[in-house]
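**Student:** Provided herewith is a single structure, encoded as C-alpha cells, for subsequent inquiry.
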Amino acid sequence: MVDYINEELIFSLLEKSKKVDESEIKEIINKAKNCKGLSLEEVAKLLYVEGGELLDEIFDAARYVKNKVYGKRVVLFAPLYTSNECTNNCLYCGFRRDNKELHRKTLSLDEIVTEAKAIEAQGHKRILLICGEYPGKTGVKHLTDAMDAVYKCGDIRRINVEAAPMKIEEYRQLKEHGIGTYVIFQETYNRDVYKKMHPVGLKADFDWRITAIDRAFEAGIDDVGVGALLGLYDYRFEVLGLLMHIDAFEKKYGVGPHTISVPRLRPALGWGLDEIPYLVNDDDFRKIVAVYRLAVPYTGIILSTRESPKLRDELLSLGVSQISAGSKTSPGGYAEEEEKADQFEVNDHRTLNQMLETICDNGYIPSFCTACYRRCRTGEAFMEYAKEGEIHEFCQPNAILTFKENLMDYGTDGLRTKGQEIINKALDEIEDVNIRKSTVEKLKEIEGGKRDIYF
Ligand code: SAM
Ligand code: SF4
C-alpha cells in the first residue's frame, strides 16, 4: 500500500481546526500574502472559516496573490474528447461501463483531426485530449497517433493529455510525441470512498492511480496536473489530501504540479448515483479556489465549463488562471453534436469569442501562449522562473502577442476594438523597457502577417 496520504493526520488536523480563532486566521492570511505558500495545518484552519469578514479577507488575499503572481492573464484551452468508451464503472461518470443509454464512440484519426480543426477554427491553440479507459482502444497508441495527427493538421501548438494511469514506458511515448501537461485527477483521496466510487476495472486500484504522477516524472514528463473531484467526499479532506499528495511528489522529484483543476461533480445522464454525495455549494467552492491560490501560489488553477458563467467570471479574480471555453464533452461534439454522448452537463455555453469579450470586459488579458514547453521552461525550470517572478517577463508579452494573433485571425470588429484597448493597457504594464520595446516590434510583425512569435 502506498502511504502518500496519511488519513489519520488529515482527520486530526481537521478536528483541531474546527474552532476558528480570528487572530490566528488573520496571521495566516498575512503570511499567505508573502506568496510562499501555507502548511497543511494553516490550510485546515482557513477551510473552517465560514462567511463574514474573515472569509472576505481570505478572498482579498487570494486576489492579491493572484494578481502578484499571474497579473491579469487568463490562459484558454478546449477539451477534445476522443472516446467515451470505458471499461471502468466510476459511479459519478456518464461514460461508465454500465451506462447503457450512452451512444459509445471512439473517434478515428480523421474524426480527431476534424475535431481539432473545429476547435482551432474557434481560435484555440491549446487542447486537452481526454478519453475513457478502454484497453486496446484508448491506450497510448491511440493517444500518440492522435497527438501526431493533431500537431500536423493545423496550428494547434500544445496538446495536454488527460487519460488513465499508464506504465513508465507509455508515459515516455507521450513525452516523445510532444505532450504538454499530463493531467490526472485522484477523484477522492479517501480510500474507502474511492473503493465505493470505483467498484470495478483498472481504476479500482487507488495505488495505481495515485502513483501515476510518479511514473510520469520517471518518464521525463515534468508538467503534471492534479485534482480532486469535488462532491464525492468532505471538501476539506480532499483539499488537504491533494496538498499532501503534492507534498509527497514534490519532495521526491523536486517539482510541484503545473496545475490544479477544480472539477465539481455535475449530474450526468446514466450515472450510478442518486445525488451528489457531498454537495459543495458556491460559497465553499469560492473558498476552495481561494485557499488553493494561497497554499500553492505558483501552481495554475484550471476551471472548466462545469461551472456557471457568473461564477467562472468571478473566480478569475480569486485564483483561476486557466479556463476552457466553447467546450463539448462528447467525442465528435464540435463537428456535430450527438445526443446522449456527453460525460456531464456543461454549464457555461458561451463561445470562445463571447468568453474573450467577457474576459476583456473584466479587465483581464486572454492568452493563447504555448511558449513555455517549447522553450523548455517546464517542471523545475518553470518553477524557478515563476518563484523569482521572472515568469512575468515572458508571460505578459506572450499573452499580448498571442491575443493579437487571435484578434487578427478570428476576432469580430467589436472584439478587436476591446482587445486592442486591453493589449495597450497590458503593454504599459511591462516594466522592462527593452522587453516592452521588443514586444511592440513583434506586434508589428504580427500585423504584417507573421505568426507564432514568442519570448
Ligand atoms: N478516463 C480518464 C480518467 O478517469 O482518468 C480520463 C478523464 S475522465 C473522462 C475526466 C474527469 O472527469 C474524471 O477524472 C473526473 O474527475 C471527471 N468527471 C467524471 N464524471 C464527472 C461528473 N459527473 N461531473 C464532473 N466531473 C466528472
Ligand atoms: Fe471511465 Fe474516466 Fe469516466 Fe471513470 S471517469 S468512467 S475512467 S471516463
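The values are calculated or read from the model by the stated rules, or taken from the named source; none is laboratory data. Because the structure is a prediction, the values reported are computed rather than measured. Cβ placement follows ideal geometry from the backbone for every residue including glycine, while neighbour counts extend to all protein chains displayed. Please note that ligands, DNA and RNA were not included when accessible areas were found on the heavy atoms of the full protein model with its side chains. Shrake-Rupley method; radii C 1.70, N 1.55, O 1.52, S 1.80 Å.
**Student:** For the range 54-155, what class follows from the C-alpha gyration tensor (a ≥ b ≥ c being the square roots of its eigenvalues): rounded when a/c is under 1.5, otherwise prolate if a/b is larger than b/c, else oblate? Write out the running numbers ahead of the final one.
**Tutor:** Values: a/c = 3.02, a/b = 1.51, b/c = 2.00.
Oblate is the answer for the range 54-155, as a/c is 1.5 or above yet b/c matches or exceeds a/b.
**Student:** Same structure again: Keeping the other protein chains in place, figure out the carbon and sulfur percent of the accessible area of the range 68-350, with a 1.4 Å probe.
**Tutor:** Numbers: 4660 of 9460 Å².
Of the solvent-accessible surface of the range 68-350, carbon and sulfur hold 49 percent.
**Student:** Which ³J(HN,Hα) values in Hz, rounded to whole numbers, follow from the phi angles of the range 247-263 under the Karplus curve 6.51 cos²θ - 1.76 cosθ + 1.60, where θ = phi - 60° and Gly and Pro get x?
**Tutor:** Coupling constants for the range 247-263: 4, 5, 7, 5, 5, 6, 10, x, 9, x, x, 6, 9, 10, 9, 10, x Hz.
**Student:** For Ser317, what charge total do you get from the other residues with a beta carbon under 12 Å from its beta carbon, if Lys and Arg give +1 and Asp and Glu give -1? Please list the in-between numbers first.
**Tutor:** Details: positive: Arg63, Lys66, Lys72, Arg286, Arg293, Arg312; negative: Asp60, Asp313, Glu314.
With Lys, Arg at +1 and Asp, Glu at -1, the net is +3.
**Student:** Another question, if that's okay. When you have a sec, figure out the Kirkwood radius of the range 389-447 from all distinct Cα pair distances and drop it here in Å to one decimal?
**Tutor:** Numbers: mean 1/r = 0.0862 Å⁻¹.
11.6 Å is the Kirkwood radius here.
**Student:** Continuing with this model, one more query. List every residue whose amide H lies under 5 Å from the amide H of Tyr81, counting only residues 5 or more places away in sequence or on a different chain, with H placed 1.01 Å from N in the peptide plane.
**Tutor:** Ile130, Gly332
**Student:** Normalising by the residue count of the chain, find the relative contact order in percent from Cα pairs under 8 Å and 6+ residues apart. Don't skip to the answer; put the middle values down first.
**Tutor:** Details: 829 pairs, mean separation 91.2, N = 455.
Rounded, it is 20 percent for the chain.
**Student:** I would also like to ask the following. Taking Cβ-Cβ under 4.7 Å as the only way to count a partner, pick out the unpartnered cysteines of the chain.
**Tutor:** Lone cysteines by the Cβ rule: Cys35, Cys86, Cys131, Cys153, Cys360, Cys369, Cys372, Cys376, Cys395.
**Student:** Something else about it: Give the aspartates and glutamates reachable from Lys167 as a straight Cα distance under 18 Å; neighbours fewer than 8 places away on the same chain don't count.
**Tutor:** Within reach: Glu133, Asp145, Glu176, Asp205, Asp207, Asp214, Glu218, Asp222, Asp223.
**Student:** Determine ³J(HN,Hα), in whole Hz, for all residues of the range 136-152 in sequence, where each value follows from phi through the Karplus function 6.51 cos²θ - 1.76 cosθ + 1.60 and θ = phi - 60°; x replaces Gly and Pro.
**Tutor:** Here the 3J(HN,Hα) series is x, 10, 10, x, 5, 5, 4, 6, 5, 4, 4, 4, 4, 5, 5, 4, 7 Hz.
**Student:** Taking the Cβ of Tyr182 as the center, what net charge do the other residues with Cβ under 15 Å away carry, scoring Lys and Arg +1 and Asp and Glu -1? Could you put the intermediate results ahead of the total?
**Tutor:** Details: positive: Arg126, Arg158, Lys167, Arg172, Lys175, Arg209, Arg215; negative: Glu133, Glu162, Glu169, Glu170, Glu176, Asp214, Glu218, Asp222, Asp223.
Net local charge, Tyr182 excluded: -2.
**Student:** Going by Cα centres, the range 259-302 and the range 398-438 are how many Å apart?
**Tutor:** Between the Cα centres of the range 259-302 and the range 398-438 lies a distance of 32 Å.
**Student:** Could you state the per residue volume, in Å³, of the convex hull enclosing the Cα atoms of the range 136-211?
**Tutor:** Numbers: hull volume 7.2 nm³, N = 76.
For the range 136-211, the hull spanned by Cα atoms encloses 95 Å³ per residue.
**Student:** What net charge is computed for the residues neighbouring Glu50, neighbours being all others with C-beta under 9 Å from the C-beta of Glu50, Lys and Arg scored +1, Asp and Glu -1?
**Tutor:** Numbers: positive: Lys287; negative: Asp283, Asp284.
In short, -1.
**Student:** Per q in 0.11, 0.13, 0.17 Å⁻¹, report the Debye log10 I(q)/I(0) for the range 213-345, using one uniform scatterer on each alpha carbon and no solvent.
**Tutor:** -0.45, -0.63, -1.02
**Student:** I've got another one for you. Residues of the chain: accessible area per residue at 1.4 Å, in Å²? Walk me through the intermediate numbers first.
**Tutor:** Numbers: 18320 Å² over 455 residues.
With all protein chains present, the chain gives 40 Å² per residue.
**Student:** With N denoting the number of residues in the chain, provide Rg(C-alpha) divided by 2.2 N^0.38 Å, to two decimal places.
**Tutor:** Numbers: Rg = 21.1 Å, N = 455, 2.2 N^0.38 = 22.5 Å.
For the chain, the normalised Cα radius of gyration comes out at 0.94.
**Student:** Quick check: pseudo-label points 7 Å beyond the Cα along Cα→Cβ at Lys450 and Asp361, how many nm apart are they?
**Tutor:** Roughly 3.6 nm, to one decimal.
**Student:** Using a cut-off of 21 Å between alpha-carbon atoms, which lysines can reach Lys68, once sequence neighbours fewer than 8 places away in the same chain are excluded?
**Tutor:** The reachable lysines, counting only those whose Cα sits under 21 Å from Lys68, are Lys26, Lys31, Lys33, Lys36, Lys287, Lys387, Lys425.
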